[in-house]
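Please read the structure below before turning to the comments.
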Amino acid sequence: MLREMTGKTLWQGWWSPFSLIAFTPFTLISNLSVRAKLNKLPPPVPGQPGQQLDPGVALRRRPAALGALIPLAWVLFLVIQTAIHPADAATSESVKNGTNRAEKPRSALKLGQSSPEAQEILDNDMKQGKFVITPQQVVMGKPSDLDELDELDELDEKKYPGATLAWAYVNAELVGGDTPLSGPTVTTDRVGLLSEGGRQGTPLTFIEALKSRPADCQPEKINATWRKGEDHTLCVPFVVPKARNVTTVTYSRNSLDDSPRLKWTVD
C-alpha cells in the first residue's frame, strides 16, 4: 500500500501550485517516515492472520517513480525561460509599478487631464470602442445624504456609519473602434475613488432616485448609445470615510483587468 500510494503521489501530486510547493513534498517526507517504521517490523508469519499479499516490485522500479522528475523538469523549464527571456522579469516588475520596458514611469495625472491613450472597452454586444477618459471633479456630499439609503432599505441602523458621499464626474469621448456602441460601457466597474490611506470608496448604483444627487450629475443609462465623436460627462457616487480626504480618481478597463489603473490626483 505504501509503495502504491507513494507512486500515485509522485506522478499526480505536482499539478497545482500548492501541491508543488507544500502538499506533495510533505506527503513524500511523511511516507518516508512510515517506510522507516515498516522496515523495523519483523517479517510477517505465513498464514497469520490470513493469506499474505504480494508487496510487488520496489518503488524505484515502478514507472510511477519517474514522476519524481516532474519538479526537476519545472525547475529546468524556468531556468531555460529565464535565460532565453531575461527581460520578462523586468517586464513583470514594471507592470507592478505601472510602467513598461519602453516607457519611463508616468508622472501623476491631475483632474482635468485626459488619459494618455484611448481606453479600449467592450460594450454589451462585445464590440470594442476606444474612449478618451477625463475625470473632471469630485463633489463631496454630506453624511446625512446616506440617511436616504437607510430609508430605502428600511434599516433601523445606519448602513454606512462614519461615512459620507462623494460624486466623481468623468468625461468620456468615443474616438474610435466598432461604433456605435450600446449599453452602460464607460463607468460601470471602471471608475474608482481612493481616500487617504488608500481606502477604496464603495460605488453605488441606481442613483436616479436619490434626492441628494446634484442636478448636473448624470449617470450612464442602461440603454445608452455611443457614436464616434460623442462625449458625455457622467457621474458616479461613492461611499467614502467622512474623516478622510479623497485623494485619487482611478480608471480601469474593467473590474477583472489586472493591468495598472490610471490615476488622477485630487487637489
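Bear in mind these aren't lab numbers, they're just calculated from the coordinates by the rules spelled out. From a predicted model like this one, the values you see are computed outputs, not experimental measurements. We place every Cβ from the backbone using ideal geometry, glycine too, and count neighbours over all the protein chains shown.
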Can you find, among 225, 191, 166, the residue farthest towards the positive end of the dipole of the range 159-229? Put +1 on the C-beta of Lys and Arg, -1 on that of Asp and Glu. 166
Based on the mean of other beta carbon atoms within 10 Å per residue, what is the order of 226-235, 73-82, most packed first? 226-235, 73-82
Exceeding the 27 Å Cα-Cα cut-off - candidates 130/263; 159/211; 110/130; 110/242; 127/159: 127/159
Determine, from the Cβ-Cβ distance of residue 243 and residue 122 and an R0 of 30 Å, the FRET efficiency 1/(1 + (r/R0)^6), rounded to the nearest 0.05. 0.20
Once amide H atoms are built 1.01 Å from N in the peptide plane, which residues 5 or more positions from residue 242, or in another chain, come under 5 Å H to H? 163, 164
Place a point 7 Å from Cα of residue 52 in the direction of its Cβ. Which residues in the range 1-27 have their backbone N less than 16 Å from it? 1
Using 1/(1 + (r/R0)^6) with R0 = 25 angstrom and r between the beta carbons of residue 66 and residue 32, what's the FRET efficiency to the nearest 0.05? 0.85
